[in-house]
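Below is one structure, written out as structure tokens; comments come after it.
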Amino acid sequence: MAPAKTPVDEAALIAELKEAVKADVVEDANFPVDDACCRRYLRARDHDVAKATKMLRATLQWRKSFQTRTIVEDKFPVIEKEAATGKTYVTPGVDKEGRVTVLMRNRNENTKDHDGNVLHLVYQMERAVKAAAATDQESWNLVIDFAGYSLLNAPPMKTSRATLGAMQDHYPERLNKAFLVDAPWIFNAAFRAISPFIDPKTRQKIVFVKGTPAQRAAVLAEHFDLDQIEEAVGGTMPYEYSPENYLADDRAAYEAARATNADVG
């Protein structure tokens, strides 16, 4: 019989992690290094403070170099281009526990710009963080709609690895479930290629949704009220993505920043 694990004093570990990274912390409204943040990093590293410290410091440095705090003000034209077709966005629907939903559609891929695609993914993750902050749930669900998936619109391995790396390394413990809806056989090779880079904890969160419409709906209904999932992936929500509406607030923020900079200049 394996020895019982020693109970973890998570509160003490959170305090230790906060102290370890306090010199690295900068003000960031979308990334407060609070108890919830430290808890996610500790859990992602099995409560090993040294490993959690290394991971959190790497994220703080990454956010600084990626300029996530000003991503809209600095990069909105790129975001607007990448978001034009709705290849990734935060939907209005939530699961039965109130978690927000991020939806991806490869068939709506509209560029081959690696850097633009990664930037767009980070922008959507930041939106998911903000949406989650308005709920009592820290994590979100990812729904990937594979209808129309082909080798022509599949992301290059470089982009897939960068996307996976950003999500695992800098948004740990944010993913609740990843629902892969109607993944075709041609996706199998891509999945095998990327699998070695998927953290075991992340792999356990993947749910393949396939079969008849009724079978797909039955799987999704275990997690969602179907009026919270788009019709295209097996729900009954008649939502249609509009880039103009989706980006309206951030477009206004970008234009306001430009006007301010012009006045200062």
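Annotations
- None of ASP250, ASP227 is open to solvent by less than 80 Å² (accessible area, probe 1.4 Å), among the acidic types (Asp, Glu) and in a helix (DSSP H, G or I) except ASP250.
- Hey, ILE14 open to solvent by less than 60 Å² (accessible area, probe 1.4 Å), over 23 Å from GLY165 (Cα atoms), at pLDDT 95 or above and not aromatic (Phe, Trp, Tyr) or not: yes
- Taking residues in the range 214-232 that are of a type in the set (Lys, Arg), and partners anywhere that are buried (at least 19 other Cβ atoms within 10 Å of the Cβ) and assigned to a helix (DSSP H, G or I), the pairs with Cβ atoms closer than 8 Å and at least 6 places apart or on different chains are ARG216/VAL233.
- Taking the criterion of being surrounded by fewer than 19 Cβ atoms within 10 Å (Cβ to Cβ) and in a helix (DSSP H, G or I), the residues of the range 22-39 that qualify are ASP35, ALA36.
- The range 147-165, subset under 29 Å from MET55 (Cβ atoms) and either in contact (Cβ under 8 Å) with a residue 60 or more places away in the chain or basic (Lys, Arg) (or both), residue most open to solvent (accessible area, probe 1.4 Å): LYS158
- Considering the range 177-210, and only residues there that are open to solvent by less than 40 Å² (accessible area, probe 1.4 Å) and polar (S, T, N, Q), the residue that is nearest to the chain's Cα centre (by Cα) turns out to be THR202.
- For LYS158: the one exception among (1) of a type in the set (D, E, K, R); (2) outside any loop (DSSP other than H, G, I, E, B); (3) within 17 Å of the chain's Cα centre (by Cα): (3)
- Pick from the range 223-248, criterion acidic (Asp, Glu) and over 20 Å from the mean Cα position of the chain (by Cα), ranking: farthest from LEU175 (Cα to Cα): GLU244
- First in the range 173-199 and touching a residue at least 12 places away in the same chain (Cβ under 8 Å), second anywhere and part of a strand (DSSP E or B) and of a type in the set (Phe, Trp, Tyr), Cβ under 8 Å, 6 or more apart: ARG174/TRP140; LEU175/TRP140; ASN176/TRP140; LEU180/PHE208; ALA183/PHE208
- Going through (1) without any contact (Cβ under 8 Å) to a residue 40 or more places away in the chain; (2) crowded, with 19+ Cβ neighbours inside 10 Å; (3) not hydroxyl-bearing (Ser, Thr, Tyr) one by one, ALA128 falls short only on (1).
- Contacts under 6 angstrom Cβ, first residue in the range 46-64 being without any contact (Cβ under 8 Å) to a residue 60 or more places away in the chain, partner open to solvent by 70 Å² or more (accessible area, probe 1.4 Å), 6 or more apart: HIS47/VAL8; VAL49/GLU16; LYS51/ARG45; ALA52/ARG45
The values are calculated or read from the model by the stated rules, or taken from the named source; none is laboratory data. Note that this is a predicted model, so its numbers are computed, not measured. Counting neighbours? That spans all protein chains shown, and the Cβs are built from the backbone with ideal geometry, glycine included. Surface areas here come from the heavy atoms of the whole protein model, side chains and all, with no ligands, DNA or RNA. Shrake-Rupley method; radii C 1.70, N 1.55, O 1.52, S 1.80 Å.
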